[in-house]
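Accompanying notes for the structure given below.
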Amino acid sequence: MSFDVEKVRADFPILHQEINGKPLVYLDNGATTQKPEAVIEAISHYYRYDNSNVHRGAHTLSDRSTAAFESARETVRQFLNAQFSEEVIWTKGTTEGINLVAFSWGLSNLKPGDQVLVSEMEHHANIVPWQMVCEKTGAQLQAIPVTEDGDVDLEKYRAMLSDAVKFVSIGHVSNALGTVNPVREIISAAHEIGALTLVDGAQAVAHWAVDVQELDCDFYAFSGHKLYGPTGIGVLYGKRALLNDMTPFMGGGEMIETVSFAKTTYNKLPYKFEPGTPNIAGAIGLATAMNYLNTFDRDDVVAHENDVLGYALKRASEYEGLRLVGRAKHRAGVLSFLIDGTHPHDVGTLLDQQGVAVRTGNHCAMPIMEHYGVPGTVRASFAMYNSRADVDALFAALDKVKMFLL
Ligand code: 7TS
């Protein structure tokens, strides 16, 4: 394996600082990843030299902005192996992408008696928009049960599939448990009964190369900021024929062809779904993050991350008083746990005092926390720049937390 984690770390300026007098150990990548120098530089360069609005001005800066913005879209198309660049819709993140599909497709197509399926381990972003649209349409939202280990129960899922099911929306990787869901299988079973599918890829895209044509998902949503890119930018991929049939989610400039008080007609894809001035610097920053990732052999990144997570799981299994929440075999990026006799928030605060950044709480996934009967967990989540040394630092810091709290 030709993956040099120290070389990668050197690309991320934020990692090289002390927090509370200790070297920063950043293990909150599920919330957001840090940005490489190349991304910071691309955003700064854009504002320094090229800033202008897109698709509008009759001047050089506007041409440059538009070219960079549309070239970023093409970078995303290649990154996802989408067939057409107009299948790439800029959003502000995963949340907006899922809302776009739920409201645009759902409001026009769902009716009383229809069902939408999501799993019990979804992030609130893949529950609440569907709930809102089901309330408006009279459709029903159903949760696919999760096994004790934290896998989608495929047998129960198959049993739930009927003619009433019109849409299945599923996370690729659970942010609360780290489970990698068998989305290919889930999608093809949904298609067999004629239901459409959306994959929430927020926690997947940074870890391995996603191919939307191979998955055959109808929609795929993710956020730039969990992929070494900036906040405020994300992508919704959708199959062109479906997007063409959908009505706009929000109205305004850019998404129209002609406007009159008698009738407004809409722009073609992808602009139909992109009203208002977009996050141009964000799109450029995200494309730069993708280009950065593409400088690596993605299989090397996967192997490195599996090594670090495997090591963390081994240390966790040997650690006295540690209870893992979620024991799926196929997992990525996340170690969710409790320390007997302590509250997750106290553990988080004491870890921070030692320079270790984790997230604590319900991780915006309250239903799965309830499933396990816990109010929340401590979550260490890993990115390509984390190493076994970070895992050792986490457990050394946990030793001190235990001494203090128990
Ligand atoms: N879906 C999943 C699976 C997520 O993990 C998140 C964010 C979202 C959707 C929403 O993404 P956003 O970029 O639109 O906010 N998850 C987390 C987390 O685990 N900690 O902070 C944010």
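Only the coordinates and a few stated rules stand behind these numbers; no lab work does. As the structure is a prediction and not an experimental result, all values here were calculated from the model. When we count neighbours, we look across all protein chains shown, and the Cβ atoms used for this are built from the backbone with ideal geometry, even at glycine.
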At a Förster distance of 51 Å, what's the computed FRET efficiency of VAL374 paired with SER2, Cβ-Cβ distance as r, to 0.05? 0.80
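Based on the alpha-carbon set only, what is the convex hull volume of segment 19-175 divided per residue, in Å³?
Working: hull volume 30.3 nm³, N = 157.
Taking only Cα atoms, segment 19-175 has a hull volume of 193 Å³ per residue.
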With labels modelled as points extended 7 Å from the Cα through the Cβ direction, what inter-label distance (nm, one decimal) is found for MET132 paired with LEU405? 3.5 nm
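What does the charge count near GLU320 come to, summing +1 for each Lys or Arg and -1 for each Asp or Glu among other residues with Cβ under 9 Å from its Cβ? Walk me through the intermediate numbers first.
On the way: positive: LYS402; negative: GLU318, ASP340.
Residues close to GLU320 contribute a combined charge of -1.
Kirkwood Rh and Cα-based Rg: tell me the resulting Rg over Rh for segment 287-379, rounded to two decimals.
Numbers: Rg = 15.5 Å, Rh = 15.0 Å.
Computed over Cα atoms, the ratio is 1.03.
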Neighbour net charge for MET255 - beta-carbon separation under 11 angstrom, K R +1, D E -1: -1
Relative contact order (%) - criterion: Cα under 8 Å, at least six apart; region: the chain: 23 percent
Across all directions of projection, what mean area in square nanometres is found for the Cα convex hull of segment 186-343? 13.8 nm²
Can you give the FRET efficiency for ASN81 and ASP352, using 1/(1 + (r/R0)^6), R0 = 35 Å, r = Cβ-Cβ distance, to the nearest 0.05? 0.35
Between ARG240 and SER71, 0.36 nm times their residue separation minus their Cα-Cα distance comes to what? 59.0 nm
From zero up to wherever the largest Cα-Cα distance of the chain sits, split into 10 Å bins and tell me the percent of pairs in each. 5, 22, 30, 25, 14, 4, 0, 0
Using a 10 angstrom cutoff on alpha carbons, build the Gaussian network for the chain and name the most mobile of ASN279, ASN20, ASN29. ASN20
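How do LYS329, LYS156 rank when sorted from fewest to most other Cβ atoms within 10 Å of their own Cβ?
The order, fewest Cβ neighbours first, is LYS329, LYS156.
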Only Cα pairs within less than 10 Å get springs; with that Gaussian network setup on the chain, which residue of ALA283, ALA102, ALA303 has the largest fluctuation? ALA303
Rg and Dmax of segment 66-117, using alpha carbons, in Å: what are they? 14.5, 46
In a Gaussian network model of the chain with springs linking alpha carbons closer than 10 Å, the residue among THR247, THR94, THR295 that fluctuates most is THR295
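Can you tell me how much longer the chain between ARG158 and ARG9 gets when fully stretched, taken as 0.36 nm per residue apart minus their C-alpha distance, in nm with one decimal?
Residue separation times 0.36 nm, minus the Cα-Cα distance, leaves 49.3 nm.
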Rounded to the nearest 0.05, FRET efficiency between ASP216 and ASP297 (Cβ-Cβ, R0 25 Å) equals 0.50
What value, in deg cm²/dmol to 500, does the helix sum -39500 (n - 2.57) over DSSP H runs of n ≥ 4 give at 222 nm once divided by the residues of the chain? -11000 deg cm²/dmol
Lys and Arg at +1, Asp and Glu at -1: add these up for the other residues within a Cβ distance under 13 Å of SER52 and post the number. +1
THR264 versus HIS45: modelled label distance in nm, points set 7 Å from Cα along the beta carbon direction: 3.7 nm
